[in-house]
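Novice: So that we are looking at the same thing, I have put the structure below in structure tokens.
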Amino acid sequence: MRDEIVVSIRSDQDMVEARAKCRRLADDLGFSRTDATLIATAISEIARNILVHAGRGEISMRPLCDDGRYGMTVVARDSGPGIRDVARAVKSGFASRGGLGLGLPGARRLMDKFDVESEPGEGTTVTMTKWRAVDDLERLREKRRRRAGGASS
Amino acid sequence: MNTIELKATYGTAFHNHVVGPGEGGLRAAYELGREAVGRGLSLLDLAEVHHEALWSEICLENADVEAVLRAGGEFFLESLSAYEMVRRGFEEANQTALLQRSRLDMLRQLSDFLADTSLASDSVGSLEEILRLIAEQARELIGARLCVVSLTDDGMPLTASSYSAGQSDETRELDAKKLSAVASLPHAPEARITAALSSLDGKELGSLELFDKEEGDFTAVDRATLAHVSQMASAAVERLRLHTPGTPETDRREGST
């Protein structure tokens, strides 16, 4: 399995590189094209936040494997001004005043797990995970594996 | 950006992506979709713009139609991703609104419950009446098939129930034998929830039990609602006993004065 991939975010071009690397990793892990697009979009939203609010930061991605499930975790860090009210920043959006639900709330909705750690003046770390949908063939293999495990025990 | 401006920008970006496909082009598509969302352009506008850009590329002399279609698919997918974020936000807002509405309904029913309890406390045989009301209200509020409320402390033991028979609206009380049979059936943990009835000084008065949710399993919200109802029911029972001659509470109170 591939190691962690780290991309420094200092310009729009870095955002393109982060998207490209995320898409390659998603492809290696067997994500569908639609899911790869959703992850690339979430990364773009987070990278945009880094560029706008902190100026620079980094995005790292690594594959996940848990009990036969494959996924990807993306961590975005910056040393910018931080977020005063994290809960509000993550939850606001469509239902708030004039919000369209892009940015942090939009990224959250595209991923399976989303966590933000931030303190004013201490920067922000966003950790997000997407699991790959298990296809029918994998379900069948898993069923056989469990059956074989049950028979041998 | 209006539709005409989007057409021009989208056409150029798509052409560049067909000529040199790559992440740069896909990122441009994502930015265009995002811009379109921000400007309030509809998904239909974007689909129309995409179709025109695709058609223009296919009509070019020496166009590699297969490559244009492949590039078109990924470019369009990328431009739609911002709309997907908005759609999910809309869905979330809708669910929040539904939840708020159900909370409002719950508050209304709790208020009815309080009013009914207050009336029942003045009637003859009111403890039985209050228990029946509690069973009925808790069952209807949470949407369960059966509710059993029991007083098991040192006062007179009492049980009341409310039972919904299948799809009909008929609700009735079960006799003690049937009630005991239903309640003693094995229930999966998610098909039975219980809350204690307690006095103000923490003494257990009895319990409130719900069986078999009408749709799906009991949720955390159902448990919280039941806890709320049990607090109100405990207060109603205790208040009534304090004012009913011959109950241990009244005797204790009168003895202390």
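Novice: I'm checking my understanding of the structure. Among residues of the range A:126-140 that are surrounded by 15 or more Cβ atoms within 10 Å (Cβ to Cβ) and not aliphatic (A, V, I, L, M), which one is farthest from A:ASP66 (Cα to Cα)?
Specialist: So the residue we want is A:THR127.
Novice: Can we say A:ALA26 is out of contact with any helix residue (DSSP H, G or I) (no Cβ under 9 Å at 6 or more places or on another chain), more than 10 Å from chain B (Cβ to nearest Cβ) and either touching a residue at least 40 places away in the same chain (Cβ under 8 Å) or of a type in the set (Phe, Trp, Tyr) (or both)?
Specialist: No: the conditions fail for A:ALA26.
Novice: Right, something else. Working only within the range B:29-41, note down all residues that are open to solvent by 30 Å² or more (accessible area, probe 1.4 Å) and small (Gly, Ala, Ser).
Specialist: B:GLY38, B:GLY40
Novice: Mind listing whichever residues of the range A:29-48 are surrounded by fewer than 19 Cβ atoms within 10 Å (Cβ to Cβ), facing chain B (nearest Cβ under 10 Å) and either of a type in the set (S, T, N, Q) or outside any helix (DSSP H, G or I) (or both)?
Specialist: Answer for the range A:29-48, where residues must be surrounded by fewer than 19 Cβ atoms within 10 Å (Cβ to Cβ), facing chain B (nearest Cβ under 10 Å) and either of a type in the set (S, T, N, Q) or outside any helix (DSSP H, G or I) (or both): just A:THR34.
Novice: Right, here's the next one. Quick one: which residue in B:VAL19, B:VAL65 is without any contact (Cβ under 8 Å) to a residue 40 or more places away in the chain, within 21 Å of A:ARG19 (Cα to Cα) and not aromatic (Phe, Trp, Tyr)?
Specialist: From the options B:VAL19, B:VAL65, the qualifying one is B:VAL19.
Novice: Would you list the helices (runs of 4 or more DSSP H) that sit entirely within the range B:1-114 and hold 2 or more residues that are more than 13 Å from chain A (Cβ to nearest Cβ) and of a type in the set (D, E, K, R)?
Specialist: In the range B:1-114, the matching helices (runs of 4 or more DSSP H) lie at B:3-19, B:43-58.
The values are calculated or read from the model by the stated rules, or taken from the named source; none is laboratory data. Owing to the predicted nature of the structure, the values given are computational and were not obtained by experimental measurement. Glycine gets a Cβ as well: all are built from the backbone with ideal geometry, and neighbour counts include every protein chain shown. Remember, those area values only see protein heavy atoms, side chains included, never the ligands or the DNA or RNA. Shrake-Rupley method; radii C 1.70, N 1.55, O 1.52, S 1.80 Å.
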